[in-house]
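K.L.:
Can you keep this structure in mind? I'll have questions shortly.
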Amino acid sequence: MAMKPLPWQRERWRRLVELQDSGRLPHALLLSGPRGIGKQPLAEALVARTLCHSPGEVACGECHSCRMLAAGYHPDLMSVTPSEKSRQIRIDAIRQVNGFVAQTAQQGGHRVIRIEPAEAMNVAASNALLKSLEEPGEQTLFILVSDIPSRLLPTIRSRCQHWNLATPPADAAEPWLGERLGDAEEARFWLRVAGGLPLLAEELAGAEARHLRQDLRELFDALVRGGEPIGEAARLDAQALDRVLWYGIAWLEDLIRLGLSGDPRRVRNSDLLPLYRQAVKNARVRDWFRLLDYAREQRRLLAAGGNPNPQLVLEAWLVRWSALLRS
Ligand SMILES: [Zn+2]
């Protein structure tokens, strides 16, 4: 559990601490921003500082409360996440939150409820949460963490103070990532690939994810040369469908940038330029846009848990992708 915010979050953090110390921190915060921007460390640092018995700029890390958190259990913290299967946060989980809010804090201090991703709450769960958000009682802090806050009910959003995290400037994220990856050049590359999202970049640079990208790159290459999409689909793990679509979207965006500007510096995946150049010859930008919409929609459906057969979705995607690459 992170006790400190990330380096580029210092400004935000200072503001949060200021509000907290002057008793003006609202009882419900909505932390939003794309996945991989660093919402979790910020939320965790705030949870820790809120529960800490002698906080400085950050949680002390030594008091009874901090030690409980570090050990993975704190009676005054309730974390709500979707059940594995349904990918939804259901009303039962929120009823437990309401019960928790109705009790007094066991450690005599604050209670914190963290809901993540908040957009996973279904309508019944969201409605059940409203009452607690309206009358939270003393010393209660709700932290709702969301990748896509537009999917929250407006009534939930309006009861939270909204903190939207912006993509950090590269000169702040690169040193951090360089330290994690042990290589500044690598950090620059992966940060570009991840669209500037540092934690996503770290994830993509990991061994397994790197392997998948390499497979996709070979597949892209095969399709540009006229390979058979269904046959190629067999090489990929359908369980990685979300990541496959994510890369498809990122590469289409690159193709569109290249097609519209003709400027190779605008491309995020610079290692793919030779393939892009070939693909750009074969299709019109309008068609790339259409395919982009399709990929986004498939990803949205996947996230909503309306899980069709991933193998079929993967094949359908590759058929469409290849039709454009060699048309
Ligand atoms: Zn402490």
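K.L.:
Which members of segment 173-195 meet the condition of being under 17 Å from Arg243 (Cα atoms) and either of a type outside the set (Val, Ile, Thr) or more than 20 Å from the chain's Cα centre (by Cα) (or both)? So that I can check it myself, show each step before the final result.
P.N.:
Filtering segment 173-195 for residues under 17 Å from Arg243 (Cα atoms) gives 190-195.
The answer is Trp190, Leu191, Arg192, Ala194, Gly195.
K.L.:
May I pose another question? So, in segment 36-48, of the ones that are open to solvent by less than 10 Å² (accessible area, probe 1.4 Å) and within 15 Å of the ligand (Cβ to nearest atom), which residue ends up nearest to His162 (Cα to Cα)?
P.N.:
Looking at residues that are open to solvent by less than 10 Å² (accessible area, probe 1.4 Å) and within 15 Å of the ligand (Cβ to nearest atom), I get Leu46.
K.L.:
In the set Glu138, Glu179, which member is of a type outside the set (Ser, Thr, Tyr) and in contact with a Ser or Thr (Cβ under 9 Å, 6 or more places away or on another chain)? Write out each step before concluding.
P.N.:
On the way: Glu179 fails: in contact with a Ser or Thr (Cβ under 9 Å, 6 or more places away or on another chain).
One residue alone meets the criteria, Glu138.
K.L.:
I've got another one for you. Which members of segment 49-67 meet the condition of being near the ligand (Cβ under 10 Å from one of its atoms), at negative phi and either in contact (Cβ under 8 Å) with a residue 12 or more places away in the chain or within 27 Å of the chain's Cα centre (by Cα) (or both)? Lay out the reasoning, then the answer.
P.N.:
First, pick out the residues of segment 49-67 that are near the ligand (Cβ under 10 Å from one of its atoms): 49, 51-56, 58-67.
From what's left, at negative phi: 49, 51-56, 58-60, 62-67.
Arg49, Leu51, Cys52, His53, Val58, Ala59, His64, Ser65, Cys66 - these are the residues of segment 49-67 that are near the ligand (Cβ under 10 Å from one of its atoms), at negative phi and either in contact (Cβ under 8 Å) with a residue 12 or more places away in the chain or within 27 Å of the chain's Cα centre (by Cα) (or both).
K.L.:
Could you tell me which numbered condition Ala283 fails, if it satisfies all but one of (1) at pLDDT below 85; (2) open to solvent by 40 Å² or more (accessible area, probe 1.4 Å)?
P.N.:
The single condition Ala283 does not satisfy is (2).
K.L.:
Another question, if that's okay. Might you check whether a residue that is away from the ligand (no atom under 16 Å from the Cβ), free of Cβ contacts under 8 Å to residues at least 12 places away in the same chain, farther than 26 Å from Pro5 by Cα and not assigned by TED's automatic domain parsing to the domain that holds Trp246 occurs anywhere in segment 113-133?
P.N.:
Within segment 113-133, not a single residue is away from the ligand (no atom under 16 Å from the Cβ), free of Cβ contacts under 8 Å to residues at least 12 places away in the same chain, farther than 26 Å from Pro5 by Cα and not assigned by TED's automatic domain parsing to the domain that holds Trp246.
K.L.:
Just name the residue that is most open to solvent (accessible area, probe 1.4 Å) out of those in segment 215-266 that are over 25 Å from Arg188 (Cβ atoms) and acidic (Asp, Glu).
P.N.:
Glu228
K.L.:
Restricting the first residue to segment 206-219 and requiring it to be in the same structural domain as Asp237 (by TED's automatic domain parsing), which pairs with a second residue that is open to solvent by 30 Å² or more (accessible area, probe 1.4 Å) and outside any helix (DSSP H, G or I) meet a Cβ separation below 9 Å and a spacing of at least six or different chains?
P.N.:
Cβ pairs passing all conditions: Leu212/Asp237; Asp215/Arg235; Asp215/Asp237; Glu218/Arg235; Leu219/Arg235.
K.L.:
In segment 75-95, how many residues are open to solvent by 80 Å² or more (accessible area, probe 1.4 Å) and over 22 Å from Leu46 (Cα atoms)?
P.N.:
First, pick out the residues of segment 75-95 that are open to solvent by 80 Å² or more (accessible area, probe 1.4 Å): 81, 84-85, 87, 90, 92, 95.
Subset that is over 22 Å from Leu46 (Cα atoms): 84-85, 87, 90, 92, 95.
Count: 6.
K.L.:
Sort out which residues of segment 175-186 are surrounded by fewer than 18 Cβ atoms within 10 Å (Cβ to Cβ) and either assigned to a loop (DSSP other than H, G, I, E, B) or not aliphatic (A, V, I, L, M) (or both), and write them in order of number.
P.N.:
Across segment 175-186, the qualifying residues are Pro175, Gly178, Glu179, Arg180, Gly182, Asp183, Glu185, Glu186.
Residue-by-condition table, conditions (1) more than 21 Å from the chain's Cα centre (by Cα); (2) surrounded by fewer than 16 Cβ atoms within 10 Å (Cβ to Cβ):
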position: Val97; (1), (2): yes, no
position: Gln103; (1), (2): yes, yes
position: Ile115; (1), (2): no, no
position: Met121; (1), (2): no, no
position: Cys160; (1), (2): no, no
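K.L.:
Return yes when Leu212 is under 25 Å from Ala303 (Cβ atoms) and open to solvent by less than 20 Å² (accessible area, probe 1.4 Å) and no when it is not.
P.N.:
Against the criterion (under 25 Å from Ala303 (Cβ atoms) and open to solvent by less than 20 Å² (accessible area, probe 1.4 Å)), Leu212 does not qualify.
The values are calculated or read from the model by the stated rules, or taken from the named source; none is laboratory data. Predicted, not measured: the structure shown is a model, and the values here were computed from it. Neighbour counts run over all protein chains shown; Cβ positions are idealised from the backbone, glycine included. For the accessible areas, the whole protein counts, side chains as well, though only heavy atoms, and no ligand, DNA or RNA atoms are used. Shrake-Rupley method; radii C 1.70, N 1.55, O 1.52, S 1.80 Å.
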